[in-house]
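Notes to accompany the following structure.
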Amino acid sequence: VQLQASGGGLVQAGGSLRLSCAASGRTLSRYAVGWFRQAPGRERELIAAVTWSGGSIYYSDSVKGRFTISRENAKNTVHLQMNSLKPEDTAVYYCAADLGRIATTLTRPDYGSWGQGTQVTVSS
């Protein structure tokens with residue numbers, strides 16, 4: 001599956017952005033999808049993920065309560081709604097997809113397909 005991440009940009013602290021991960025080539029509804037981010041000088045981290053069914057969702061502690069991952073199967077897209085953004089959320093955000101993930105394997109970082117990344121910059 002080919003993935004295209006979009007929706008990044010520059011926003012002030014406290015603002016919101018919605019990232020989208022659009023798939024082509026395959027039906028994304030059959031895939032688990034994760035959102036990762038990587039800030040300069042830091043390792044890539046998984047911040048949100050959802051199983052193919054939507055039955056299991058993961059959020060890292062750093063975004064829990066502020067970010068929401070959702071599936072829009074009719075548009076072959078997964079979104080990441082980001083509210084109450086902080087300067088420390090500044091990073092390149094990537095979406096990734098994989099088959100066969102269940103709740104207990106959702107947070108493994110070895111997703112099979114990756115999008116190209118979209119920059120999110122939060123100013124103070």
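The values are calculated or read from the model by the stated rules, or taken from the named source; none is laboratory data. Model, not experiment: these values are computed from the prediction. Cβ atoms come from the backbone with ideal geometry, glycine included; neighbour counts cover every protein chain shown. Surface accessibility is based on the protein's heavy atoms, side chains included, excluding ligands, DNA and RNA. Shrake-Rupley method; radii C 1.70, N 1.55, O 1.52, S 1.80 Å.
One table, with the values for the structure above:
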{"item": "Pick from segment 83-102, criterion surrounded by 14 or more Cβ atoms within 10 Å (Cβ to Cβ) and either in contact with a Cys (Cβ under 7 Å, 6 or more places away or on another chain) or of a type in the set (A, V, I, L, M, F, W, C) (or both), ranking: farthest from Val11 (Cα to Cα)", "result": "Ala97"}
{"item": "Any hit, segment 89-98, residues being more than 17 Å from Val122 (Cα to Cα), among the aliphatic types (A, V, I, L, M), part of a strand (DSSP E or B) and in contact with a Gly (Cβ under 8 Å, 6 or more places away or on another chain)", "result": "yes"}
{"item": "Residues that are surrounded by 14 or more Cβ atoms within 10 Å (Cβ to Cβ) and under 14 Å from Arg18 (Cβ atoms), drawn from segment 73-82", "result": "Thr77, Val78, His79, Leu80, Gln81, Met82"}
{"item": "Tally of residues being assigned to a strand (DSSP E or B) and without any contact (Cβ under 8 Å) to a residue 12 or more places away in the chain across segment 99-124", "result": "0"}
{"item": "Residues of segment 51-64 classified as over 18 Å from Ser113 (Cα atoms) and either open to solvent by less than 60 Å² (accessible area, probe 1.4 Å) or touching a Ser or Thr at 6+ places or on another chain (Cβ under 8 Å) (or both), total", "result": "8"}
{"item": "Restricting segment 10-27 to residues that are closer than 19 Å to Val63 by Cβ and surrounded by 13 or more Cβ atoms within 10 Å (Cβ to Cβ), the residue that is farthest from the chain's Cα centre (by Cα)", "result": "Ala13"}
{"item": "Residues of segment 60-87 satisfying the condition of being touching a residue at least 40 places away in the same chain (Cβ under 8 Å) and within 17 Å of Gln38 (Cα to Cα)", "result": "Leu80, Met82, Leu85, Lys86, Pro87"}
{"item": "Some residue of segment 31-41 being open to solvent by 50 Å² or more (accessible area, probe 1.4 Å) and among the charged types (D, E, K, R)", "result": "no"}
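A quick yes/no check of all residues on (1) touching a helix residue (DSSP H, G or I) at 6+ places or on another chain (Cβ under 7 Å); (2) aliphatic (A, V, I, L, M); (3) farther than 16 Å from Val120 by Cβ:
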position	(1), (2), (3)
Val11	no, yes, no
Gly14	no, no, no
Ala23	no, yes, yes
Ala39	no, yes, no
Arg42	no, no, no
Trp52	yes, no, yes
Ile57	no, yes, yes
Ser60	no, no, no
His79	no, no, no
